[in-house]
Amino acid sequence: AAALVCLAAFAWFPLKAEVGGYPGLAFWIVVVFFGAAAPVRMAGGAVVDVTIAPVLAATTLGGPAAGAAVALIGTIELREIRGLVGRGGIPWYGALYNHSALAVSAVVAGWVLHAMHPAGFVANAETLVVVAIAGVIYFAIDNALAAAAVATREGRPFGSVVVGNLRQ
């Protein structure tokens, strides 16, 4: 499903000029990569993803396709690579799920941005409100998908995982 969402984003929403073309996209991928390399561990043990702001910025400037690319590529972590080569870390299916969840969240946020503000990025209060709404949607989708994975893996009710995540 995530692959179809990403393909739709690339087909229907080519990169916007505001992102700076492929060099600009590469810039945002590097920014997200460094953000992903420094996750924040909360007191309850949860790891907080600090890449939401740069992914949302790339999505705002470049559209849903840019958000998908930055979320898919920029969030690669060393522990995921270790899992791919069989040296501990995150199993490949966990990494695939995590990246898919981030990409779907970014694409949906990009669709919301485009629907609410089709003119593209303009530095004004209206754009700020629309970006904030898209950010809340990104956060909600990403957290719901993460909670679904944890609930499935640990055999816990989805609702209790969501509440636990929000309390941290």
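The values are calculated or read from the model by the stated rules, or taken from the named source; none is laboratory data. In this text, all values refer to a predicted model and were calculated from it rather than measured experimentally. Using ideal geometry, Cβ is built from the backbone for each residue, glycine included, and neighbour counts are taken over all protein chains shown. Note: accessible area is taken over every heavy atom of the protein model, side chains too, but ligands, DNA and RNA are not part of it. Shrake-Rupley method; radii C 1.70, N 1.55, O 1.52, S 1.80 Å.
Across the chain the C-alpha pair distances fall into 10 Å bins from zero in the proportions 11, 37, 36, 14, 2 percent.
Computed packing ranks the peptides 150-159, 99-108 as 99-108, 150-159, most packed first, by mean other Cβ atoms within 10 Å. Backbone phi angles across segment 147-161, fed through the Karplus curve with coefficients 6.51, -1.76 and 1.60 (θ = phi - 60°), yield HN-Hα couplings of 5, 4, 5, 5, 4, 5, 5, 9, x, 9, x, 3, x, 5, 5 Hz in residue order; Gly and Pro are listed as x.
In the chain, Cα pairs under 8 Å separated by at least six residues give a relative contact order of 22 percent. Database remark: amide H of V50 closer than 5 angstrom to the amide H of V40 (H placed geometrically; neighbours at sequence offset of 5 or more, or on other chains; Pro and chain starts carry no H). Each residue of segment 110-121 is assigned a 3J(HN,Hα), and the resulting list reads x, 5, 5, 4, 5, 5, 8, 8, x, 5, x, 6 Hz, derived from the Karplus form 6.51 cos²θ - 1.76 cosθ + 1.60 (θ = phi - 60°), x at Gly and Pro.
Between A151 and A3, what's the calculated FRET efficiency when r is the beta-carbon distance and R0 is 22 Å? Round to 0.05. Can you show the working numbers first?
On the way: r = 23 Å, r/R0 = 1.05.
Once rounded, the FRET efficiency stands at 0.45.
Can you pull the percent of the chain's accessible area that's carbon plus sulfur, 1.4 Å probe, other chains left in place? Walk me through the numbers before you get to the answer.
Values: 6630 of 9120 Å².
Ligands and nucleic acids excluded, carbon and sulfur give 73 percent.
For every helix of n ≥ 4 consecutive DSSP H residues, a contribution of -39,500 (n - 2.57) applies; sum these over the chain, divide by its total residues, and give [θ] at 222 nm rounded to the nearest 500 deg cm²/dmol. The partial results should precede the final answer.
On the way: 8 runs with 121 residues, N = 168.
Value at 222 nm, helices only: -23500 deg cm²/dmol.
Take the chain with all the other protein chains still there, run a 1.4 Å probe, and you get 54 Å² of accessible area per residue.
Pairs of Cα atoms in segment 125-168 fall into 5 Å distance bins, from 0 up to the last occupied one, in shares of 5, 24, 22, 18, 11, 9, 7, 3, 1 percent. Summarising the label geometry, the points placed 7 Å from Cα in the beta-carbon direction at A123 and A38 lie 2.5 nm from one another. Counted by Cβ distance under 12 Å from T51, the other residues give a net charge of -3, where Lys and Arg count +1 and Asp and Glu count -1. Each residue of segment 59-67 was assigned a 3J(HN,Hα) from its phi angle through the Karplus curve 6.51 cos²θ - 1.76 cosθ + 1.60 (θ = phi - 60°); the sequence is 5, 4, 7, x, x, x, 5, 5, x Hz, with glycine and proline shown as x. Taking 7 Å steps out from each Cα toward its Cβ at W12 and A140 produces label points 1.9 nm apart.
Can you tell me the convex hull volume per residue for segment 1-69, based on C-alpha atoms, in Å³ to the nearest whole number? If you can, show how the numbers build up before the last one.
On the way: hull volume 5.8 nm³, N = 69.
Normalising the Cα hull of segment 1-69 by residue number yields 84 Å³.
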